Amino acid sequence: MTDEANLAKLDELLAAIREYEDPRRAGDEWKQVFRLLQKTDIPKGRITGVVGMRSVAELSELIEQLRAPETAAGEQEIDPEVLKKAYEAFRKRLKLTVLDEESTLGRSPLTKGSGSTVAAIAPPKEWPGEVWQALVRQGKLKYIGHGFYELGNK
């Protein structure tokens, strides 16, 4: 839950960020926004995504969601079957990416190194970003920034 003082402070920070010619340069304001949002019920992955991408539009949406949580919570119901198919496609792409990385065809036989260095991938573009954010909220994926996701804890 969020009290009025935190909402007022978030509004002030949003206004300050919008005054910048390039909102990504408002480093101190984004740090304060991050700290304030961590005190709310918003999933940590969503907070990290919004602040990490420095998205003013998504920050504005989060603030509105905090003002009226009952309306924002019901807006984005995604069919569980869609989530399941998207998650399976993500896992398949991750598996193929790891296999490609581990392939020895493109490497010198003189170099050592085994095991995969692939930690995260960009998700398939067949599904919108809301699907990936829903999977992050469920804990199945973890957003690490710049459009890349890795498998979550579940």
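Quick note: the coordinates plus some simple rules give every number you see, no bench work behind them. The structure displayed is predicted, hence computed values, not measured ones. All Cβ positions, glycine included, derive from the backbone under ideal geometry; neighbour counts span all protein chains shown.
Students often get this wrong, so check it: of 9/39; 39/85; 39/142; 39/125; 92/125, which have C-alpha atoms separated by over 23 Å?
Cα-Cα > 23 Å for 39/85; 39/125; rest within.
Explain nothing, just the number: relative contact order of the chain, from Cα pairs under 8 Å at least 6 residues apart, as a whole percent.
22
Given axes a ≥ b ≥ c from the Cα gyration tensor, I'd like to know whether region 4-75 is rounded (a/c under 1.5), prolate (a/b larger than b/c) or oblate.
Cα axes put region 4-75 in the prolate bin.
Please turn the phi angles of region 132-149 into ³J(HN,Hα) values with the Karplus equation 6.51 cos²θ - 1.76 cosθ + 1.60 (θ = phi - 60°), one per residue in order, whole Hz, x for glycine and proline.
Once θ is set to phi - 60°, the couplings for region 132-149 become 5, 5, 5, 5, 5, 4, 6, x, 6, 10, 10, 7, 10, x, 6, x, 9, 10 Hz.
Going by alpha carbons, how many degrees (0 to 90, nearest 10) lie between the helix axis of 27-38 and the longest principal axis of the chain?
Result, in degrees: 90.
Once the Cα atoms of helix 80-102 and of the chain are each reduced to a long axis, what angle between those two axes, in degrees from 0 to 90 to the nearest 10, is obtained?
Approximately 50 degrees, to the nearest ten.
Mind checking the full-extension length gain between residue 31 and residue 102? Use 0.36 nm per residue of separation minus the Cα-Cα distance, one decimal, nm.
Between residue 31 and residue 102, full extension yields 21.7 nm more.
Say R0 is 30 Å: what FRET efficiency, to the nearest 0.05, do residue 85 and residue 24 get from their beta-carbon distance?
Once rounded, the FRET efficiency stands at 0.30.
Between residue 144 and residue 16, with labels modelled 7 Å along Cα→Cβ, what's the label distance in nm to one decimal, could you check?
3.2
Identify the GluC sites (Glu not before Pro) of region 19-70 meeting these criteria: DSSP loop state and at most 15 other C-beta atoms within 10 Å of the C-beta.
Within region 19-70, the qualifying GluC sites (Glu not before Pro) (loop, at most 15 other Cβ atoms within 10 Å) are 21.
For residue 119, project a label point 7 Å along Cα to C-beta. Then give me every residue of region 85-100 with its amide nitrogen under 16 Å of that point.
Under cut-off, by backbone N: 98.
Enter the angle in degrees (range 0 to 90, nearest 10) between the Cα long axis of helix 56-67 and the first principal axis of the Cα atoms of the chain, meaning the one along which they spread out most.
60
Name the long-range amide H neighbours of residue 141: under 5 Å, sequence gap of 5 or more, or other chain; modelled H, no Pro or chain starts.
Long-range HN contacts for residue 141: 136, 152.
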